[in-house]
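Before any comments, here is the structure.
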Amino acid sequence: MEKDFSGLIKKLRKINTKKLDDLFLEFHISEFEKIDCLSCGKCCSGLGPRLSETDIDRLASHLKLKSSVFIKDYLRIDEDKDFVFKSMPCPFLMEDNFCIVYKSRPKACREYPHTNQKNMRSILDLCVKNTETCPVVENILQKMEKLNNENKL
Ligand code: SF4
Ligand code: SF4
């Protein structure tokens, strides 16, 4: 279940865009130094990406398949009309949490959990949602909450 970060989010919405992005980036870097994604793998086993046409073509080429065959074998269309993997955990996730298509992985996989993006203010709700999956995002928001409680934000 999501922790209640509503007070923090309200405060973060009032912070200057550049300052907020810098703060996220600083914590993104420091928290990813502490957590090894290969010992976690929760996003790849539970969430999975939306795939664009470019993602599909790149992955199909990586697997030496026609895009139409790749779509038929691996993808389905979800309720938002986006392409997603037919089954989860992701079919390309190995038992040791390695991604066998890492070099050709979808853009959404490259960007997850989005805590080093520009304009973090626009995805604060998504960050709260991602605390359900990603321990890094949860740690980042907890660190910010601590700063907020100490009136340092
Ligand atoms: S393609 Fe790779 S990075 Fe993306 S969800 Fe699958 S295993 Fe994870
Ligand atoms: S959920 Fe977060 S910490 Fe876990 S593998 Fe994904 S990005 Fe890394």
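Here is a list: S87, S61, S68, S45. Which entry is in a helix (DSSP H, G or I) and free of Cβ contacts under 8 Å to residues at least 24 places away in the same chain? Working first, answer last.
Working: S87 fails: in a helix (DSSP H, G or I); S61 fails: free of Cβ contacts under 8 Å to residues at least 24 places away in the same chain; S45 fails: free of Cβ contacts under 8 Å to residues at least 24 places away in the same chain.
After applying the criteria, what remains is S68.
Can you name every residue in region 100-116 that is surrounded by 16 or more Cβ atoms within 10 Å (Cβ to Cβ) and under 11 Å from the mean Cα position of the chain (by Cα)? Let's see the steps before the verdict.
Taking region 100-116 and keeping what is surrounded by 16 or more Cβ atoms within 10 Å (Cβ to Cβ), we get 101, 104-106, 108-109, 112-115.
Within region 100-116, A108, C109, Y112, P113, H114, T115 meet the criteria.
Search region 1-42 for residues being open to solvent by 70 Å² or more (accessible area, probe 1.4 Å) and part of a loop (DSSP other than H, G, I, E, B), and hand back the single one that is nearest to P89 (Cα to Cα).
Of everything passing the filter in region 1-42, D36 is nearest to P89 (Cα to Cα).
Is at least one residue of region 47-67 crowded, with 17+ Cβ neighbours inside 10 Å, within 16 Å of ligand 2 (Cβ to nearest atom) and closer than 25 Å to L8 by Cβ? Break it down into steps so the answer makes sense when it comes.
Pass one, region 47-67, residues crowded, with 17+ Cβ neighbours inside 10 Å: 47-49, 51, 55-56, 58-60.
Remaining after also requiring within 16 Å of ligand 2 (Cβ to nearest atom): 47-49.
Adding the requirement that they be closer than 25 Å to L8 by Cβ leaves 47.
Within region 47-67, one or more residues are crowded, with 17+ Cβ neighbours inside 10 Å, within 16 Å of ligand 2 (Cβ to nearest atom) and closer than 25 Å to L8 by Cβ.
Would you be able to tell me the number of residues in region 111-148 that are at positive phi and within 11 Å of ligand 2 (Cβ to nearest atom)?
Looking only at region 111-148, we keep the residues that are at positive phi, and these are 114, 119.
Now restrict to residues that are within 11 Å of ligand 2 (Cβ to nearest atom): 114.
Within region 111-148, residues that are at positive phi and within 11 Å of ligand 2 (Cβ to nearest atom) number 1.
So the check is Cβ under 6 Å with 6+ separation or different chains; which pairs have a first residue in region 114-143 that's modelled with pLDDT of 95 or more and a second one that's assigned to a helix (DSSP H, G or I) and of a type in the set (D, E)?
Partner pairs satisfying both residue conditions: K118/D21; M120/D21; T131/E138; V136/E31; N139/E31; I140/E31.
The values are calculated or read from the model by the stated rules, or taken from the named source; none is laboratory data. Note that the structure is a prediction, hence the values are computed from the model and not measured. For neighbour counting, all protein chains shown are included, and Cβ atoms are generated from backbone atoms with ideal geometry for every residue, glycine included. Heads up: the accessible areas ignore ligands, DNA and RNA and are worked out on the full protein's heavy atoms, side chains in. Shrake-Rupley method; radii C 1.70, N 1.55, O 1.52, S 1.80 Å.
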